[in-house]
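Engineer: This structure is in structure tokens; I'll ask about it shortly.
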Amino acid sequence: MQKSLRSQLIGLNSLTALAFAANFLITQTHFQLNPQILTLSCLSICVIPVYQFIKTQKVNFAIAAIPGMAICLFFFTTANVSSTIALFIAMALSVTYNRNPKFGWRNNPFLKVGVVALVWTLMSVLIPFLLENVEISFTYLFLRFLLFCVQILLFEIADIPTDKGRIQSVPQLVSVTFLKTILALTAFTALFFLEENLFISFTLSGYLLFLIVRIAPDNRRFADVFVEAFPILYLLLKGVEFL
């Protein structure tokens with residue numbers, strides 16, 4: 001049973017790693033940055049053990065050794081000072097995320113969402129900018145941060161039954177209907193300003209609206225598949241745009 005649970009965690013985390021890679025490539029595609037295949041590979045490899053550690057506070061040494069080597073490879077090849085600092089900040093936030101009861105971002109329902117969204121923004125949006133030494137668009141960073149918040153809160157809605165009685169979450173503090181309304185408005189606004197291509201903007205807004213309407217408490221499996229698929233759809237649309 002324990003082995004089955006571990007396999008399930010690794011499988012879901014692999015999907016998260018794929019979503020991370022898609023988000024990284026969205027940034028590169030949007031600004032037509034040079035491909036950073038080695039960096040993308042190194043950072044994507046790290047996602048699986050990091051998420052396993054966050055969820056269980058345990059990680060197999062053999063599994064952890066692979067991303068450790070990947071990070072070292074990143075440091076000694078493509079990394080510069082600014083991207084290294086961004087990566088260390090993201091790692092520090094990730095390691096302290098689930099520490100409790102005295103310290104841990106997970107214990108505050110609002111900080112929990114903000115910190116996770118910040119880590120995703122640092123890793124998949126800011127680092128591609130820093131590696132290219134190009135001017136950073138803070139408006140773009142903020143809008144992508146908002147999109148990450150929307151996706152995280154969809155997971156929070158699905159996790160209401162498992163979180164109840166253990167940790168507080170935003171959907172427990174406000175009504176789910178009200179939260180879904182805020183998420184829909186945020187998603188539509190962020191995508192409208194992110195994408196000049198109205199087809200991409202409305203297609204992605206429609207997909208997120210479908211998720212917002214469809215997501216329900218105790219529907220984690222749906223969220224694991226369809227919320228994680230959002231950046232993959234986003235990347236496909238961006239790829240078609242630049243063909």
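Every read-out reported here was derived from the displayed coordinates using simple, explicitly stated rules and does not represent laboratory data. Source: prediction; values computed, not measured. For neighbour counting, all protein chains shown are included, and Cβ atoms are generated from backbone atoms with ideal geometry for every residue, glycine included.
Engineer: So, with +1 on the Cβ of K and R and -1 on the Cβ of D and E, and no other charges, what is the size of the charge dipole of the range 145-243 about its Cα centre, to the nearest 20 debye? Don't jump to the answer; show the numbers that get you there.
Structural biologist: Details: 7 positive and 9 negative charges, 55 e Å.
I would put it at about 260 debye.
Engineer: Before anything else, pin down the relative contact order of the range 103-231: Cα pairs under 8 Å, at least 6 apart, normalised by residue count, whole percent.
Structural biologist: 27 percent
Engineer: So which chymotrypsin sites (Phe, Trp or Tyr not before Pro) in the range 157-243 end up in coil per DSSP with only 10 or fewer other C-beta atoms within 10 Å?
Structural biologist: 242
Engineer: Could you give the distance between the Cα centres of the range 174-243 and the range 114-129, to the whole Å?
Structural biologist: The range 174-243 and the range 114-129 have Cα centres spaced 18 Å from each other.
Engineer: Across the range 151-159, in residue order, what do the Karplus-derived ³J(HN,Hα) couplings come to in whole Hz, using 6.51 cos²θ - 1.76 cosθ + 1.60 with θ = phi - 60° and x for Gly and Pro?
Structural biologist: Along the range 151-159, the couplings run 5, 5, 5, 5, 5, 4, 5, 5, 8 Hz.
Engineer: Remind me, relative contact order of the range 82-166 in percent, using alpha carbon pairs under 8 angstrom and six or more residues apart?
Structural biologist: 27 percent
Engineer: Label point 7 Å out from residue 80 along Cα-to-Cβ: which residues of the range 131-160 have amide N under 15 Å?
Structural biologist: Within reach of a label on residue 80: 131-137.
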